[in-house]
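Chemist: Here it is: the structure, laid out below.
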Amino acid sequence: MLFDRLHYDNSEDKLHIERVQDVQPILESNKRLLNDNSGFKSEVFNKKASIPLVVLLAWLKDKGITYQEFMGNDKVLKRFLNDPDNSFCLCKKGKV
């Protein structure tokens, strides 16, 4: 679950928004699936990745990419998933 925490800074008279998500269950599931060599093998039905939303939103902000661009362009998704820094999101080995 993703939620926002609001922090008000009196000295600067600014409101700061902190996005928070417990990503541990997602990362543990990804690792388990990545290391699981059993089960049905199909390029169509096997899960490739699970991306914590808070991680994706931070990456998009860092790269200057809108969420709409991400959702409408498979190349942006592949760029994210094939980046070695984001390998913790993969549920299957190899390039996407």
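Chemist: Based on this model, can you work out whether residue 87 counts as surrounded by 10 or more Cβ atoms within 10 Å (Cβ to Cβ), in contact with a helix residue (DSSP H, G or I) (Cβ under 6 Å, 6 or more places away or on another chain) and not hydrophobic (A, V, I, L, M, F, W, C)?
Modeler: No, not satisfied.
Chemist: Could you list, in sequence order, the residues of segment 20-34 that are of a type outside the set (S, T, N, Q) and either touching a Lys or Arg at 6+ places or on another chain (Cβ under 8 Å) or exposed (fewer than 14 other Cβ atoms within 10 Å of the Cβ) (or both)?
Modeler: Within segment 20-34, 20, 22, 25, 28, 31, 32, 33, 34 meet the criteria.
Chemist: Identify, from the list 62, 4, 85, the residue that is in contact (Cβ under 8 Å) with a residue 12 or more places away in the chain and acidic (Asp, Glu).
Modeler: From the options 62, 4, 85, the qualifying one is 4.
Chemist: Being more than 12 Å from the chain's Cα centre (by Cα) and either of a type in the set (Asp, Glu) or part of a helix (DSSP H, G or I) (or both) is the filter here, so list the residues in segment 41-66 that pass it.
Modeler: Hits for segment 41-66 are 43, 61, 62, 63.
Read-outs throughout are calculated quantities, based only on the coordinates presented, and are distinct from any laboratory measurement. All figures in this text were calculated on a predicted structure; none of them were measured in a lab. Neighbour counts run over all protein chains shown; Cβ positions are idealised from the backbone, glycine included.
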